[in-house]
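What follows is a single structure, written as structure tokens, with notes after it.
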Amino acid sequence: QSISKQWYQRRVRGIWNYDNNSLDLTKEFQEEAFSVALHPSGLYVLVGFSDKLRLMNILIDDIQPFKEFTIRGCRECQFSNGGHLFAAVHGNVIQLYATYTFENVGNLKGHNGKVRSIIWSQDDSKIISCGVDGAVYEWSVYTSKREGESVLKTCSYTCAAVSPDGSTTFAVGSDKTLKEISDSQIQKEVPAADSVLTQVAISRSGRMLFVGTAQGSIRAMKFPLTVPGDWVEHHCHASSITKMRISYDDSYLFSVGEDACLYTFKIMDKEGRGLKAKDITYAEEILISKSDLQEKDTAMKELKARVSELNMENEYQLRLKDMNHHEKTKELTEKFIQEMESLKTKNQVLKTDKDKEEAKHEEERQELFEKHHQELQDLESANNQKLMAEY
């Protein structure tokens, strides 16, 4: 996921995700910050504080310094495009450092006043600088020597940009013009119509050029430049624009101003269509400190142990419940068996009593039947004797 980082409001450092316009991380520092540069990997940030220049790790939930450089009040710093070097302004000297060994590999001396802007060429072989002394210098990174210069004492430069091939420099300053410089000569001067230009940015494709003004507006210049200039102006900031940058894929333009606002612009063509985005795969990896990792590992082990204890406890409770259930089932089974045996015995007794009663009744019935039969015979015999006596 592409992430934009921008320092804002002096002591607060913010990390922004410009794909979804969300603030991912903030960090408050005690010292005042003057400049910031993000490493191409997105894992490190260079911040110039009032006392020192600090190289810091961008962690999952924090920003932690891990190397300090004795450069006070650094107002301009930039990582190379490859990220292996960075340049930092110390007064009127530009110091070059190796990012991973922290070695001071070069010092670019030549400016007579404060350096206001530094920019790396795309192949990291050159650095373009400009300052309040009216000088625009082209430096060789390998030899730390000046290879080109354009000095105009009447102009205090504030920003410079370099074409993708490194052959042309664009600079703006206090004289209200946009200058195109090549071979140490000013080839074109585009008047800014009574507006002081404070910032200039060129796309990596070399086909788009933007400038910012002291009034807070951004101008999309017709490119290649023409004299007089032609541009489309966009009003946004309430005061002077202090920085402008274009995203790596030339899809977004970012600007900040003295009004403490950060603007993100989607770059469109004349027909309002977005530029075709390059196929860029963003890294998913993030940094985490060893202490945080150890704490998380310890917490994870404790949680795993707790889960194991809970599982054992649950299994023990389940075994107890099973045992209790088994005992209750056994007791109920034995109880029911005893009741069934008792009922069977009672039923057998009742059946025996029933049989006895039936035999008794049958015997009594037989006796009554025989008695009645004898009485009947006796009556018939008596009647027959009476009849015979009478007749």
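The values are calculated or read from the model by the stated rules, or taken from the named source; none is laboratory data. Treat the numbers as computed from the prediction; the structure is a model and nothing was measured. When we count neighbours, we look across all protein chains shown, and the Cβ atoms used for this are built from the backbone with ideal geometry, even at glycine. We work out accessible area using only protein heavy atoms, side chains counted, and drop any ligands, DNA or RNA first. Shrake-Rupley method; radii C 1.70, N 1.55, O 1.52, S 1.80 Å.
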* Asked: Taking interchain pairs and intrachain pairs at least six residues apart, which have beta carbon atoms under 9 angstrom, with the first residue in the range 34-51 and at positive phi and the second assigned to a strand (DSSP E or B) and open to solvent by 20 Å² or more (accessible area, probe 1.4 Å)?
  -> GLY42/LYS5
* Would you please list the contacts, defined by Cβ atoms under 6 Å and residues six or more apart or on different chains, that run from a residue in the range 204-232 that is at positive phi to a residue that is of a type in the set (Gly, Ala, Ser)? => GLY206/SER163; GLY216/ALA238; GLY216/SER239; GLY216/GLY257
* Asked: For VAL256, which of the numbered conditions (1) under 30 Å from LEU197 (Cβ atoms); (2) open to solvent by 60 Å² or more (accessible area, probe 1.4 Å) fails to hold?
  -> (2)
* Of all residues in the range 113-125, which are open to solvent by 20 Å² or more (accessible area, probe 1.4 Å) and in contact with a Gly (Cβ under 8 Å, 6 or more places away or on another chain)? -> LYS114, ARG116, GLN122, ASP123, SER125
* To do: Would you be able to tell me the number of residues in the range 203-230 that are within 19 Å of SER255 (Cβ to Cβ) and among the charged types (D, E, K, R)?
  => 2
